[in-house]
1. Determine the pairs where a residue that is in contact (Cβ under 8 Å) with a residue 24 or more places away in the chain, located within region 78-93, has a partner that is basic (Lys, Arg) with Cβ atoms under 7 Å apart, the partner being 6 or more residues away or on another chain.
2. Residue check, Lys127 against (1) at pLDDT 95 or above; (2) over 17 Å from the mean Cα position of the chain (by Cα), all met but one. Which one?
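The values are calculated or read from the model by the stated rules, or taken from the named source; none is laboratory data. Computed from a predicted model, the values in this text were never measured in an experiment. Neighbour counts run over all protein chains shown; Cβ positions are idealised from the backbone, glycine included.
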Amino acid sequence: MLRSATLAVLLILAGSGLAGNGSILGADPVTQPPRLSEPEVLPYEVAYRKARDERKPLLILVGADWCPACKTLKSDTIVPMKQSGALKEVIYTQLDKDANPELANEVMQGKILPQLVVFCQSDTGWKRFSLTGMQTETRVKELIRKASEALPARR
């Protein structure tokens, strides 16, 4: 009887999504650190308009679903930065190179993925700054700092 009740509870938990990978049941806090959930990402067109209107740098992660480095950059660098507030001075968006090849090719330099590109609106037009490949939080912060220095002083 106890075995049946235990099995029923496990089946209910499995169906509810509370059991399995990264869950309460079977999770090992030593080997399975909790994954941060990805914050909502603005569509490119919305992010571009917002950056233009607010005169903030536009940070774009160009990647692809099949690219392991793109996924790692997003989950291990961008998501924690976004959640900690380290990206509050930029407007962040993502571009999937396969879903938007023409736009991605306009934004990118070269073909290597992932690419982090920052565009800043200056008095003379948009300036471009970029990093290619896997990046640390320190390198991304440095990229944002360099891009922000190119912005005209706010009046």
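1. Here the result reads Ala86/Lys141; Glu89/Lys56; Val90/Lys56; Ile91/Lys50; Ile91/Lys56; Tyr92/Lys82, each pair linking region 78-93 to a residue that is basic (Lys, Arg).
2. For Lys127, the exception is condition (1).
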